[in-house]
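Coordinate-derived values only; no laboratory data. Computed from a predicted structure; not experimentally measured. Quick reminder, even Gly has a Cβ in these numbers, built from the backbone with ideal geometry, and neighbours come from all protein chains shown.
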Amino acid sequence: MSSLSQNFLKSVATIAMVAGLSFAPLSAQATDVEVTVVAEGLDFPWSLAFLPDGRMLVTERSGQLRYLEDGTLSDPIAGVPEPFVRSQGGLFDVVLHPNFSENQLIYLSYADGTRKANATTVVRARLTDVGLEEVTQIFQVDRKKDTPVHYGGRMVFLLDGTLLLTTGDGFQYREEAQNLSNHLGSTIRLNDDGSVPADNPFVGQAGAKPEIFTYGHRSPQGLTIDPETGTIYQTEHGPMGGDEVNILQAGHNYGWPVITFGLDYDGSQVTPYKEMEGMEQPFVDWTPSIATSGIAVYRGDLFPEWDGDIFAGSLKFGGVYHVDVEDGVAGEEEILLEDLGYRMRDVRMGPDGALYVIGEATIADRYKSNSGKIWRITPQAE
């Protein structure tokens, strides 16, 4: 382990001791990997999607959707709705319809509105040679808020063809994460046209939004599904501590702000409770916080030893946290790419069996535009 890694782990352990928080030592990178720069010069990249023809779609939080082909970024694709860009607000995720090859439909999530009234929004559009066409809003969070943070915005299609979307609590409205009468702090489940699936858990319940799939979330930053088991993994920011990986199940309550392992930013307790009947415990807890971001499940041939494991980015410390998963239990961890010094915004499993990682900017200069990069992780050549 490098001296930098040792100092990092010692400093995190010291913080945990002083704050009275739990701490589980993490190993530095143990796996030999080869890291290749796929793209650079991106303006706060947030997400990517792999097209059948080998190109990628990349979103930039400042509002651009671009093609990436052979290391070259295209000009912005026309027809993208103009997002509300401020603080954490902007253009977020891009996902392809499960039948994209036949219908060319894509989905974008973004912050929409004004400083005084904004909300996480989803549009569906047809991707053509001239840009996006037939752009249609299929969902918007109700209620709108006056804070430019905690949007959620991650999407994934489930095996049954329905679409999941994460939404945050808006920071100043954390109690609303327990209120089923609005969408704040929840995971939303929609049909591909934005209509409500008949089997959603709160359909028909008086006073509850029928789009809600799970609730009790603070600031969910990552969302993925294991294509082999159907397990849905979500990453979520705690406050000062209490970052989580959750396994989502329909109708379940994930506790925020009633239970958490974290403290408020002034060091006070958000709540005295770390567990409560009827509220789910995290699959993985990171206390102190790593500021977790996007998440991926590895199912590929390049790293057979990683089969079924999960990978989550860190915005605070950088790197990608690899969690070994065996028989549905989270085990040992290692940190990949921590020496790059980047805020890692997303991790994606590529169709080629490689992992793709988005770095939005360096930790040292987190507000520097056009410094984002994408890396490809493959086994180290022998």
Subject >> Packing-based order for 66-79, 276-289, 365-378, using average beta carbon neighbours within 10 Å, highest first >> reply: 276-289, 365-378, 66-79
Original post:
For Glu228 and Gln380, what is the calculated FRET efficiency with R₀ set at 35 Å and r taken between the beta-carbons, to the nearest 0.05?
Top reply: 0.85
Original post:
Do any of Lys116/Lys373; Lys316/Lys373; Lys144/Lys209; Lys144/Lys368 go past 22 Å between their Cα atoms, and which?
Top reply: Lys116/Lys373; Lys144/Lys368
**OP:** Output ³J(HN,Hα) for region 110-122: one whole-Hz value per residue in order, computed from phi by the Karplus curve 6.51 cos²θ - 1.76 cosθ + 1.60 with θ = phi - 60°, and x for Gly and Pro.
**Re:** 6, 7, 10, x, 10, 4, 8, 7, 9, 7, 5, 9, 10
Original post:
Tally Lys/Arg at +1 and Asp/Glu at -1 over every other residue whose Cβ is under 11 Å from the Cβ of Ala119; what's the total?
Top reply: 0
Original post:
In nanometres, what is the gap between the two model label sites at Gln249 and Tyr273, each 7 Å from Cα along Cα-to-Cβ?
Top reply: 1.8
Original post:
What is the Cα radius of gyration of region 135-195 over 2.2 N^0.38 Å, N being its residue count?
Top reply: 1.15
**OP:** May I ask you to order 148-154, 123-129, 46-52 by the average number of other C-beta atoms within 10 Å around their residues, highest value first?
**Re:** 148-154, 46-52, 123-129
Subject >> Peptides 263-270, 133-140 ordered by average Cβ neighbours within 10 Å, highest first >> reply: 133-140, 263-270
Original post:
For region 162-174, what does the Karplus curve 6.51 cos²θ - 1.76 cosθ + 1.60, with θ = phi - 60°, yield as ³J(HN,Hα) per residue in whole Hz, taken in order and with x for Gly and Pro?
Top reply: 8, 10, 9, 9, 8, 10, x, 8, x, 6, 7, 10, 4
Original post:
Taking only DSSP H segments of four or more residues, each worth -39500 (n - 2.57), what value at 222 nm results for the chain once the sum is divided by all its residues, to the nearest 500 deg cm²/dmol?
Top reply: -1500 deg cm²/dmol
Original post:
Expressed in nm to one decimal, what extension gain is obtained for the pair Val203 and Phe100 from 0.36 nm per residue of sequence separation less their Cα-Cα distance?
Top reply: 34.2 nm
Original post:
For the modelled label position 7 Å from the Cα of Asp266 along Cα-to-Cβ, which residues of region 140-156 have backbone nitrogen atoms closer than 16 Å?
Top reply: none
**OP:** Please give, to one decimal in nm, the separation of the simple spin-label points placed at Arg299 and Asn191, each 7 Å out from Cα toward the Cβ.
**Re:** 2.5
Subject >> region 187-264-region 151-171 distance, computed between alpha-carbon centres (Å) >> reply: 8
Subject >> Cα centroid separation - region 85-126 against region 304-382, whole Å >> reply: 24
Original post:
Roughly what would the spin-label model give for Arg86 and Asp327, points 7 Å off Cα along C-beta, in nm?
Top reply: 5.3
**OP:** Could you tell me which of rounded, prolate or oblate describes region 266-317, using a ≥ b ≥ c as the square roots of the eigenvalues of the alpha-carbon gyration tensor, with rounded for a/c under 1.5 and, failing that, prolate when a/b is larger than b/c and oblate otherwise?
**Re:** oblate
**OP:** For the chain, list log₁₀ I(q)/I(0) at each q in 0.12, 0.14 Å⁻¹, using the Debye formula over Cα point scatterers of equal strength and ignoring solvent, two decimals each.
**Re:** -0.88, -1.25
Original post:
To the nearest 20 debye, what charge dipole does region 3-379 have about its Cα centre, counting +1 at the Cβ of each Lys and Arg and -1 at the Cβ of each Asp and Glu?
Top reply: 1480
